[in-house]
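A quick write-up on the structure given underneath.
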């Protein structure tokens, strides 16, 4: 359960930040950035996301966004984070990911 800021006006413009667990530098690999961009595209086309600007840093994302009329920004963010987390974990657990011992959701140890 989230203990952070609650969105009260679902159609207002917001500056949002999403960070990776333990601030791991996951976005140093293109595949993880591509997952985020594909998720943004899907949310824009199907979920009502209005995305004005974003930047993907090595371990977090900043964006300026709102929801189109009739959509709830909280729901969009929930779905975006749930989907991207699942995609990240699938990618992390592939044998081709050389850092999978260090990344969250796999094993501890780095």
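The values are calculated or read from the model by the stated rules, or taken from the named source; none is laboratory data. In this text the structure is predicted, and so the values were computed from the model without any measurement. Reconstructed Cβ throughout: ideal geometry from the backbone, glycine too, with neighbour counts over all protein chains shown.
Cβ separations smaller than 9 Å between residues 6+ apart or across chains give no pair from the range 52-76 residues that are touching a residue at least 12 places away in the same chain (Cβ under 8 Å) and on the phi > 0 side of the Ramachandran plot to residues that are surrounded by 12 or more Cβ atoms within 10 Å (Cβ to Cβ) and part of a helix (DSSP H, G or I). Among residues of the range 21-33 that are closer than 17 Å to residue 54 by Cα, those with a beta-carbon under 9 Å from a residue that is at pLDDT 95 or above and assigned to a loop (DSSP other than H, G, I, E, B) at least six positions away or on a different chain give the pairs 27/57.
Name the strands (runs of 3 or more DSSP E) wholly inside the range 1-91 in which the number of residues that are at pLDDT 95 or above, buried (at least 16 other Cβ atoms within 10 Å of the Cβ) and under 15 Å from the mean Cα position of the chain (by Cα) is 1 or more.
49-56, 60-67
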